[in-house]
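Just so it is clear, none of the values below were taken in a lab; they were calculated from the coordinates. Computed from a predicted model, the values in this text were never measured in an experiment. Cβ: placed from backbone, ideal geometry, glycine included. Neighbour counts: every protein chain shown.
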Amino acid sequence: MPRRRVSAAGVVFALLVLATLAAFAISQRLKRDPLVLDKVTFVGAPILNPKAPRVPAFTPNDDCRFDQIRIRFRVTRSDDATVQVVKPGGRLIVTLERDRFLKRYRFHTLYWDGRSRRPGSAPPGRYKLRVKLLGQDRTLVPPGTMRLHRAPSKPIGECLDEPVEGEG
């Protein structure tokens, strides 16, 4: 009986089928795993007008209007974490917390004032949140972005502790 030669195309096809099945199995397993980081929100703060629309943008220009962005999230597993602000490509801008214990199912709130780890402010643009869970050796980057805008400062005197009706 003559030996049948296996073509390179047949081997490649078989490997692609096996890789597809493996990817399907892994994706199904990941879908069953619970979310570790959820309910992430970015809101410009402080909001002097409570009726103003909540937007994930801020203008750190010391005019007491949207000078910071409030970052709020929760984790579903307790762990020590490092919380950072990064560019969408992954370049580190600033570390907000280092080795902070995050208790599961509790909301954690941090504020970013637009400063970078280098002296001065971060340039205008879109930024992302990155949470490195140290005990699980996982790095999570949730969907959504924070937008930092530059705006000329329009001082209103002292920053107010309470919302002012009609301001914003």
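By the count of neighbouring beta-carbon atoms within 10 Å, fewest first, Lys51, Lys103, Lys128, Lys87 end up ordered Lys51, Lys103, Lys87, Lys128. In a fully extended conformation the segment linking Arg115 and Ala9 would gain 32.7 nm over its present Cα-Cα distance, using 0.36 nm per residue. Take every Cα pair under 8 Å whose residues are at least 6 apart in sequence, average their separation, divide by the length of segment 37-148, and the relative contact order is 27 percent. Annotation: amide H of Arg115 within the under-5 Å range of Ala122, sequence separation 5 or more or interchain, hydrogens built in the peptide plane. Let me know the whole percent of all Cα-Cα pairs from segment 37-148 that are separated by more than 19 Å. More than 19 Å apart: 43 percent of the Cα pairs in segment 37-148. Computed extension gain for Thr139 through Phe24, at 0.36 nm per residue and net of the alpha carbon distance, reaches 39.2 nm. 3J(HN,Hα) couplings calculated from phi for segment 125-141 with the Karplus curve 6.51 cos²θ - 1.76 cosθ + 1.60 (θ = phi - 60°) are, in sequence order, x, 9, 9, 10, 9, 10, 10, 9, 8, 6, x, 9, 6, 10, 10, 10, 10 Hz; Gly and Pro show x.
Once C-alpha pairs closer than 8 Å and six or more residues apart are averaged by separation and normalised to the residue number of segment 61-112, the relative contact order reads 45 percent. Amide H contacts of Leu134 (H built 1.01 Å from N, in plane; Pro and chain starts excluded): Asp80, Ala81, Thr82 sit under 5 Å, all sequence-distant by 5 or more or on other chains.
Close amide H contacts of Val55 (hydrogens built in the peptide plane, cut-off under 5 Å, sequence separation of 5 or more or a different chain): Gly44.
Under the convention that each Lys and Arg Cβ holds +1 and each Asp and Glu Cβ holds -1, the size of the dipole of segment 1-136 around its Cα centre is about 580 debye.
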